[in-house]
Amino acid sequence: MTMPEINPSDIRTKLQDLQSRLDEAEQFIDAIKSGEVDAFAFQNGKSSEIYTLQSGDYAYRVLIEEIEEGAINVTEEGMVVYSNEYLLKLLGLSYEQIVGRFIFDVVHEDSKDTFKRMFEDSLHGKSKGEINLFVNNKVLPVYVSLTSLQPKLATVGIIISDLTYKKKNENIILEYQKDLEKNNLDLMKSNAELASFAYIASHDLQEPLRKIQSFIGRILDKEAERLTENGKDYFVRVQSAAVRMQSLIDDLLTYSRTNTLDRVFEKSDLAKIVNEVKEVMKEELDQKKATMDISVSCEIDVIPFQFRQMLINIVTNSLKFSKPGIAPYIRITSEVANGEDLAFEKLTAESKYCHLTISDNGIGFEQKYSDKIFELFQRLHGKNEYPGTGIGLAIVKRIVENHNGFIRVNAGLNEGATFHIYIPLT
């Protein structure tokens, strides 16, 4: 058998090629040892494969390590070949405990099917969604975003966001929602009880009260001569108490009606409503020799009967607290303005409002009581000085709130009072 002729030149070329490859391999190994190249080797069947992150990608590596998100690379079979530091802290695992492990091992049993579908989808592009991880007997809700790194690398990059605080906040919101639903049910029950009270007040209470007033009237008319002076005084007091109770029932009924859900808004001319109020109160105005100066022009959406009641209560208040010996003067004006121009902190700057003012020249009050006067049953004077139930201005405030508006009052002792009402135009 004839041996093939060996060319010394070819041998030298092959030896040089082998030496060059060996030098490159040694440089590569030295780079791995020195940290210039991150590498991870694993056995794939009968062959070994190495995954590396070259030092030229240093800026990318820094970014991955610094972001407040978990970041891992996994093979297309699901083996973890890289994890950043944040994910290790999040999972409470060391680098050795996660790298080389299959990602499916840390997915909660309830999320395995979902994650498997997401992972399969990511092999051809991208996928994302919420799943639960299960590490160290702890359930960890996370949001994962998976992206195939083909064709550059046969791996899938996964960004993992911790949803623990988000879920905690969602649970808090859910609890608030449950409380709100319970409060709504309680409110519905309260409204039903209020409606029941209104029925009782309008029927069962008023009927015996009318009889008391009727019989007292008859006694004073027909039996007065048989009564002693003390007896007559007692009956007059009973009659006065019955009148006060009748007023209280009427005011409570009015107050309860302003809280009903049956609120029908109508586009209304404010001037028309104010003039209707002036006509309704003509007798009271004439009796006090009062002057009503009106200059209004707004068109607003209102609940007509409530808005009239509100104006009647304010005008009645002005007449009641007028100065002795001085004819009451009540001025009602309106303007349309932006919230930012009305200098009232509760208003929305960019919204438009109808600003209604009702001012008088009455006895007024100290400004420090400007909030108290709108509270239920609150009075600044004794009932013997100025009769009333202490509900009138509480009704006013309730009606203003029913119109999504605001009310405030400026006053001074013996300097009259000015009510400012702001009703949004939209």
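Every read-out reported here was derived from the displayed coordinates using simple, explicitly stated rules and does not represent laboratory data. Keep in mind that what you see is a predicted model, and the values were worked out from it rather than measured. So basically every Cβ, Gly included, is an ideal-geometry build from the backbone, and we count neighbours across all protein chains shown.
Quick look at the numbers
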| read-out | value |
| --- | --- |
| Cut-off under 5 Å, modelled amide H: who pairs with VAL107 long-range | PHE134 |
| Where labels lie 7 Å past Cα in the beta-carbon direction, separation of SER295 and TYR165 in nm | 5.7 nm |
| Fully extended contour minus Cα-Cα distance, from GLU415 to ASP121, at 0.36 nm per residue | 98.0 nm |
| SER370 long-range amide H proximity, modeled H, under 5 Å | none |
| Cα-based reach from LYS168 at 27 Å (exclusive), listing lysines while leaving out same-chain residues under 8 positions away | LYS89, LYS112, LYS116, LYS128, LYS138, LYS178, LYS182 |
| At R0 = 25 Å, FRET efficiency that the Cβ-Cβ distance of ALA337 and ASP371 yields, to 0.05 | 0.60 |
| FRET efficiency, 1/(1 + (r/R0)^6) with R0 60 Å, evaluated for LYS346 and LYS232 via beta carbons | 0.65 |
| Distant-in-sequence amide H partners of ASP301 (H built 1.01 Å from N, under 5 Å) | SER268 |
| Alpha-carbon spread of segment 224-361, three principal axes, descending order, Å | 71, 40, 29 |
| Linear extension gain, PHE104 paired with ARG408, 0.36 nm per residue minus alpha-carbon span | 103.0 nm |
